[in-house]
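Quick notes on the structure that follows.
The values are calculated or read from the model by the stated rules, or taken from the named source; none is laboratory data. Note that this is a predicted model, so its numbers are computed, not measured. So basically every Cβ, Gly included, is an ideal-geometry build from the backbone, and we count neighbours across all protein chains shown.
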Amino acid sequence: MGITVIKSVRLFDGNEVFPTSTVTFDTDSGTIISVDTSSSSNDVPPDAEVIDGSGHTLLPGLIDAHVHVHGLHLPEGADHSQVLRTPLRCGVTTICDMHSDPEIIHKFKANIKEGVARAKKDNSKVALADLKSSLYGATIEGGWPKPIVLAHDPTEELKATVKTWPSLTPETAEDFVKSHKSQGADYIKLMQENCCSLALPTNSIPVATPELQSSVVKAAHAADLLVVGHATSRESTEIVLKSGADGLTHTFVDQSPTEDIVPLYKENNAFVIPTLVILSSLTNELQDLREKFAGIAHKNFGIDDFTKQNMTEVLGMKAPQCTIEHAYETIRMFRKHGIDVVAGTDSAAGLKGSGIGPSLWMELGLYVEQCGMSTVEALRSCTSVTARRFGFGDRGVVEKGRRADLLLVKGDPTGRLEDLWEGGIVGVWKEGLRAI
């Protein structure tokens, strides 16, 4: 424990790249003490651990802005313990849950806190990524995602679980928000799904009304909580935006974008979390990439056989007109108009086509290869942009006073993004504590 200094390292601070820098952080307080981007400083505190960063790049810990930590997609007896372990090994120090049982979230957060305390006491490593959550989404009676969760294997236990989820009306929206804030929700999640993009008849399940969504947003904003919304179709996206939400947790795949969607985003200063990984699983595309990243994660980062297999499978339940190309086109348009893109995958344990942690690499790669982003833009989308848009003022940027959530990579992912996942992660710190 004590002071750690990383010298002679290329630094991506969450915004810009500096060729030779020195970063000093305190393991005890978990914060960054200083950042010298002018040179490789020789001013090292006594008894500090010094790491030579030559030939390496230091980045903020990555953030996946759309994950589910529940185990509802796992078969009976499957290992649920890796939900927060695997992402940390992959350089993802924070994950944002977008709908899970509050009891599960509170249990995970207690485990995270205990793990940090134990690591400080025993001079050992931390094992769990940090967690933010909406707790339950603002679900309605019979609405999304209740039917889809029950579609595959509706055991009595699962039916009982889903029955505990909220069934909101405009009249109960304010109480829902107040209750969630008191339980520690970090933001509020809307659900707007008309099944237009799915292999189900449009409007075949109950759909939240614009009145309800506006009521939830109004109550959330009054409580100083950010609001994001699920929508996979253009029509549902418009309803979420017109409700006043701050961001979308997917982009749409049912049609090509048209310029008239831009003013709706601009009016709210809304952002988008594309979730190209899970959308391509929905549309049964990009199988070669799923297999590639599953193989890398299994070989170099220790994901288990079940997760590897799950990452290569697909949801495959799209409506005929849907394609991932619509999502690519939308993100290209949004970049042109300055709409913020926040990286997220919609990964969940057992959700086909996803793996919490390694799926973020695939997401970032698609931003560069298909959506026109530079490597630096892609890295901003999972660090500083996420922190800024979600109001996480303590992370996402490498600067004095921020959390020492850091990632050390061999090579230069700011120039060659592949360095991030091709066996190059040599150090991960969370709150200044070693994970790798």
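Being of a type outside the set (Val, Ile, Thr) and under 17 Å from Val5 (Cβ atoms) holds for only one residue in Leu407, Leu417, and it is Leu407.
Just one of the listed residues (Gly401, Gly350) is out of contact with any Asp or Glu (no Cβ under 7 Å at 6 or more places or on another chain), surrounded by fewer than 24 Cβ atoms within 10 Å (Cβ to Cβ), under 26 Å from Ser100 (Cβ atoms) and touching a residue at least 24 places away in the same chain (Cβ under 8 Å), namely Gly350.
The residue that is farthest from the chain's Cα centre (by Cα), counting only those in the range 298-324 that are within 19 Å of Gln255 (Cβ to Cβ) and in contact (Cβ under 8 Å) with a residue 60 or more places away in the chain, is Gln321. Selection of the range 19-40 for residues being crowded, with 19+ Cβ neighbours inside 10 Å and either hydrophobic (A, V, I, L, M, F, W, C) or not in a strand (DSSP E or B) (or both) yields Val23, Phe25, Thr27, Gly30, Ile32, Val35.
Restricting attention to the range 313-347, which residues are touching a Pro at 6+ places or on another chain (Cβ under 7 Å) and crowded, with 22+ Cβ neighbours inside 10 Å? Across the range 313-347, the qualifying residues are Ala327, Thr330, Ile331, Val341.
Just one of the numbered conditions (1) in contact with a helix residue (DSSP H, G or I) (Cβ under 6 Å, 6 or more places away or on another chain); (2) of a type outside the set (A, V, I, L, M); (3) within 30 Å of Leu150 (Cα to Cα) is not true of Tyr328: (3).
Of the helices (runs of 4 or more DSSP H) that lie entirely inside the range 270-367, those containing 1 or more residues that are modelled with pLDDT of 95 or more and closer than 16 Å to Ser381 by Cβ span 276-282, 324-336.
Scanning the range 188-200 for residues that are on the phi < 0 side of the Ramachandran plot and either part of a loop (DSSP other than H, G, I, E, B) or modelled with pLDDT of 95 or more (or both) turns up Ile188, Lys189, Leu190, Met191, Gln192, Glu193, Asn194, Cys196, Ser197, Ala199, Leu200. State yes or no: is Leu248 free of Cβ contacts under 8 Å to residues at least 40 places away in the same chain and either touching a strand residue (DSSP E or B) at 6+ places or on another chain (Cβ under 7 Å) or hydrophobic (A, V, I, L, M, F, W, C) (or both)? Judged against the criteria, Leu248 is a match. The residues of the range 141-168 that are loosely packed, with under 14 Cβ neighbours inside 10 Å and among the β-branched types (Val, Ile, Thr), listed by number, are Thr155, Thr164.
Going through the range 167-188 one residue at a time, which ones are aromatic (Phe, Trp, Tyr) and touching a Ser or Thr at 6+ places or on another chain (Cβ under 7 Å)?
Listed by number, the list holds a single entry, Tyr187.
Every listed requirement among (1) in contact with a Pro (Cβ under 7 Å, 6 or more places away or on another chain); (2) part of a strand (DSSP E or B) is met by Gly396 save one, (2). Only one of the listed residues (Glu156, Glu193, Glu238) is charged (D, E, K, R) and closer than 17 Å to Leu264 by Cα. That residue is Glu238. Being surrounded by fewer than 20 Cβ atoms within 10 Å (Cβ to Cβ) and more than 24 Å from Arg234 (Cα to Cα) is a description that does not apply to Gly365. In the range 205-255, of all residues being among the polar types (S, T, N, Q) and over 21 Å from the mean Cα position of the chain (by Cα), the one that is surrounded by the fewest Cβ atoms within 10 Å (Cβ to Cβ) corresponds to Thr209. If the condition is being in contact (Cβ under 8 Å) with a residue 60 or more places away in the chain and either part of a loop (DSSP other than H, G, I, E, B) or among the hydroxyl-bearing types (Ser, Thr, Tyr) (or both), then the range 156-184 contributes Thr161, Thr164, Gln183, Gly184.
If you scan the range 421-430, which residues turn out to be surrounded by 24 or more Cβ atoms within 10 Å (Cβ to Cβ) and under 11 Å from Leu406 (Cβ atoms)?
Restricting attention to the range 421-430, the residues satisfying the condition of being surrounded by 24 or more Cβ atoms within 10 Å (Cβ to Cβ) are 421, 428-430.
Across the range 421-430, the qualifying residues are Val428, Trp429, Lys430.
When the range 125-140 is filtered for residues that are small (Gly, Ala, Ser), farther than 25 Å from Thr164 by Cβ and either buried (at least 23 other Cβ atoms within 10 Å of the Cβ) or modelled with pLDDT under 95 (or both), only Ala129 remains.
Every condition in (1) under 18 Å from the mean Cα position of the chain (by Cα); (2) part of a strand (DSSP E or B) is met by Thr86 except one, and the failing one is (2).
Quick check on the range 245-269: of everything there that is in a helix (DSSP H, G or I) and not polar (S, T, N, Q), which residue is nearest to His68 (Cα to Cα)? Of everything passing the filter in the range 245-269, Tyr265 is nearest to His68 (Cα to Cα).
Among the residues of the range 41-80, those that are over 26 Å from Arg416 (Cα atoms), in contact with a Leu (Cβ under 8 Å, 6 or more places away or on another chain) and outside any strand (DSSP E or B) comprise Val69, Leu72, His73, His80.
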